[in-house]
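Taking it in order: structure first as structure tokens, then the write-up.
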Amino acid sequence: MSYPVQKSKEEWQAVLNKEQFRILRERGTEAPFTGKYDKHMPEEGVYTCAACDAPLYKAGHKFKSGCGWPAFFDAVPGAVKRHTDRSFGMERTEITCNNCGGHLGHVFKGEGYSTPTDERHCVNSISLNFSAEDAAKENGEVKKENGEVKTEDAEVKKESKA
Ligand SMILES: [Zn+2]
């Protein structure tokens, strides 16, 4: 499998800390309810790959799953790659960064969450960084009329501006 970003084990060890290396490069999992982005619910911004900085998830993709890890119902188009993972006697779908191959977590489908996709990207906080920069909006007047996150509207506005 080849990704745009290629580094040797030693090169990754040089740029990642021990826990990042264990999770991103050795498909580890952080303990639930310990990650810094588990309960992080920004209104704007983007979560990037902790290994290569590729944008992976937007703040509007995140939802409260209660599972103990950051949960997203969708990803930036083309940013996340899926693989069948048959480890631990289960069949799961592993997700990796499509730019560097870093392990993010797993995706689960059909769990009944009331999200637009009914998918849960269960991602290790350690595999992510958060950047609020994407939030820099020229139009500061856009306000939400209620507490609901209008993901689709926000997406359309951003794309038409780009
Ligand atoms: Zn990456």
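Would you check which residues across the stretch 2-14 are over 13 Å from Cys100 (Cα atoms) and either of a type outside the set (D, E, K, R) or surrounded by 16 or more Cβ atoms within 10 Å (Cβ to Cβ) (or both) and list them?
Gln13, Ala14
Out of the residues in the stretch 20-32 that are within 16 Å of the ligand (Cβ to nearest atom) and in contact (Cβ under 8 Å) with a residue 60 or more places away in the chain, which is nearest to Val76 (Cα to Cα)?
So the residue we want is Leu24.
Residue by residue through the stretch 95-115, note down the ones that are among the small types (Gly, Ala, Ser) and more than 16 Å from the ligand (Cβ to nearest atom).
Gly110, Gly112, Ser114 - these are the residues of the stretch 95-115 that are among the small types (Gly, Ala, Ser) and more than 16 Å from the ligand (Cβ to nearest atom).
Residue by residue through the stretch 87-112, note down the ones that are among the aromatic types (Phe, Trp, Tyr) and over 16 Å from the mean Cα position of the chain (by Cα).
Within the stretch 87-112, Phe88 is the sole residue that qualifies.
With the structure loaded, tell me whether Phe88 is surrounded by fewer than 21 Cβ atoms within 10 Å (Cβ to Cβ), aromatic (Phe, Trp, Tyr) and assigned to a strand (DSSP E or B) or whether it fails that test.
no
Taking the stated definitions as given, is Gly35 among the small types (Gly, Ala, Ser), under 30 Å from Phe63 (Cβ atoms) and within 16 Å of the ligand (Cβ to nearest atom)?
no
Only one residue in Ala79, Ala50, Ala71, Ala59 is modelled with pLDDT of 95 or more, within 16 Å of the ligand (Cβ to nearest atom) and buried (at least 21 other Cβ atoms within 10 Å of the Cβ). Which one?
Ala50
Would you please list the contacts, defined by Cβ atoms under 7 Å and residues six or more apart or on different chains, that run from a residue in the stretch 100-113 that is in a strand (DSSP E or B) to a residue that is hydroxyl-bearing (Ser, Thr, Tyr) and away from the ligand (no atom under 16 Å from the Cβ)?
That search, which allows pairs on different chains as well, returns His106/Thr93; Val107/Thr93.
Considering every residue within the stretch 46-56, establish whether at least one is part of a loop (DSSP other than H, G, I, E, B) and in contact with a helix residue (DSSP H, G or I) (Cβ under 6 Å, 6 or more places away or on another chain).
Yes: the stretch 46-56 contains one or more residues that are part of a loop (DSSP other than H, G, I, E, B) and in contact with a helix residue (DSSP H, G or I) (Cβ under 6 Å, 6 or more places away or on another chain).
The values are calculated or read from the model by the stated rules, or taken from the named source; none is laboratory data. Owing to the predicted nature of the structure, the values given are computational and were not obtained by experimental measurement. A quick note on method: Cβ atoms are made from the backbone with ideal geometry, for glycine too, and the neighbour counts reach across all protein chains shown.
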